[in-house]
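What follows is one structure encoded as structure tokens, with my remarks underneath.
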Amino acid sequence: MRSKMWPKRAAWWLSLLLLLVLYPQSGMAAGVTITNGPVWYDTTGGTIQAHGGGIIKSGSTYYWIGEDKIHNSATFRDVVCYSSTDLKNWKWVSYPLKTTSAAELASSKVERPKVIYNASTGKYVMWMHYENAADYSLGRVAVASSDSVCGNYTYHGSFRPLNYESRDMTVFKDDDGSAYLITASNSGGGANDSLASFKLTSDYLNVASFQGWVFQNGHREAPAIAKQGGKYFMITSGASGWYPNQAMYATASSMAGPWSALQPLGNTSAFFSQSTFILPVQGSSATTYLYMGDRWNSGQLGDSRYIWLPLTLNGAAGTAALEWSSSWTLDAATGVTTANGMTNHALNKTATASSTATGYAASRVNDGNYQTEWKASAVTWPSWWQVDLGAAKNIREVDISWFMYKGSEGYYQYKIEYSTDGTTWTAIDKTSNKTYGFTSDSVNFTARYVRINMVNAVLWNNPNNWYTPTLYEVKLLGN
């Protein structure tokens, strides 16, 4: 009996083996997990140094090109190039541009390198913000080109485009091959008071025309551009130095504008990040747009972190949305993203507070809207906000969007307190916090009541705490 069954079993196993070899992804998840917050390492174990950068895809490979800040300085060291096929595992490839590439790079600042490919010339063209090493008085762009994406770039010099100042910038290549420069400039109100829009020459090595001012006198910087559904989207940050602030977006039907009014994106601090690039991931099943941001550490720039999040763009409606996720899954082959699966147990549950200013109800903190806030009735510290989850829930992450005023003037010292009966409380002490605008704390407790106890706010530009205790959004995530 055994000998008669064996040929059938052998044939079945052989068929299965052939299926696995020919279709290795059939029925199998091929996604990788993107984790926001920790240090990211390349495949050799070195810290990824691609700050202020962007990504270009060539064939099936993605190339991430950014600033090397390993020396913890704003001065130029290298532009770095990494490669990946899954957007998670990055291999160091080369230094396409170095201090020795040109005399004026020996003592300089080179920021926000972006590379686009020119199909007519066969050249990869890199645009950058250029300054001298001492300050930010030059306000120039710099251009370099190469025959290969990570090859040695020929430096073509720095200049003010059509004699306009240029600082934080990006370049964008449209579907028809036209390319554009969007840069923080000066329309008469001082450095970085407005964004300037330029169309590039056909070889991408210079600017052909000035298209006009964007968000004039709006003091926006860190532009990033994408196109979805025939609509152009531009994300920018406010001008607050190394500190985070509320990201905003606008839309247009043409790169020449006009651009719509600015709308808020994400929370009050862009989840403690600053925009640098929007990456379209065109997969076999979907096209996903990734928000790429830098979480700057001004005191140790080489330790600045990367914040990548799925970005929802709707060209038909002209809307964009950005939600925080400490970790999420991306399948670069299919373009499919998967959330971490946790539930916000605080959403729309009964909330109370130690005091409440008129029109700023405690319920605004857990309504799912990053733009509504609870405010205490006076400048009284400490103050608290509390939510009743209705039943005991296991909480694994506490995300708090804090009050900010045009940037990051203050950080909160706080405690996360929890209770099963509303009488006996256990505290998680976060009074050592020095993070502006947004905190995401990994926890593990089970409770019905959770309280955010705001002990103090520390203002970096003012020794006196004049803040009124305020919260914009609290999410209590668990399974």
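Read-outs: derived from the displayed coordinates by stated rules, not from any lab. Everything numeric here is computed off the predicted structure, so don't read it as measured data. Virtual Cβ from ideal backbone geometry, glycine too; neighbours counted across all protein chains shown.
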Once both label points are put 7 Å beyond Cα along the C-beta direction, the residue 176-residue 35 separation in nm becomes 4.6
From the cross-link list 114/173; 227/475; 415/475; 349/375; 57/114, which pairs have alpha carbons spaced over 21 Å apart? 227/475
In square nanometres and to one decimal, what's the mean projected area of the convex hull around the Cα atoms of the range 337-479? 8.8
Which shape class applies to the range 87-237: rounded if a/c is under 1.5, otherwise prolate when a/b exceeds b/c and oblate if not, where a ≥ b ≥ c are the square roots of the Cα gyration tensor eigenvalues? oblate
What does the charge dipole of the chain about its Cα centre add up to, to the nearest 20 debye, if the Cβ of each Lys and Arg holds +1 and the Cβ of each Asp and Glu holds -1? 1180
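Packing-wise, with mean Cβ within 10 Å as the measure, how do 130-142, 260-272, 33-45 rank, highest first?
Values: 130-142: 17.4, 260-272: 21.5, 33-45: 13.8.
Averaged packing, sorted descending, gives the order 260-272, 130-142, 33-45.
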In whole angstrom, how far apart do the alpha carbon centroids of the range 350-425 and the range 80-109 sit? 44
Taking placed amide H atoms and a strict 5 Å upper bound, the residues 5 or more places from residue 295 or on another chain that come that close are 274, 305, 306, 307
Globularity index of the range 292-417, i.e. its alpha-carbon radius of gyration over 2.2 N^0.38 Å: 1.28
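With N set to the residue count of the range 32-338, report its C-alpha Rg divided by 2.2 N^0.38 Å to two decimal places.
Values: Rg = 17.6 Å, N = 307, 2.2 N^0.38 = 19.4 Å.
The value comes to 0.91.
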Given the options 183, 224, 446, identify the residue whose Cα lies farthest towards the positive end of the charge dipole of the chain (+1 on Cβ of Lys, Arg; -1 on Cβ of Asp, Glu). 446
Just going by the charge dipole of the chain, with Lys and Arg at +1 and Asp and Glu at -1 on Cβ, which of 40, 163, 256 is farthest out on the positive end? 40
If every Lys and Arg gets +1 and every Asp and Glu gets -1 at its Cβ, then about the Cα centre the range 343-478 yields a dipole, in debye to the nearest 20, of 20
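Given Cα pairs under 8 Å that are at least 6 residues apart, what percent is the relative contact order of the range 32-338?
Values: 840 pairs, mean separation 44.2, N = 307.
With pairs under 8 Å counted, the relative contact order is 14 percent.
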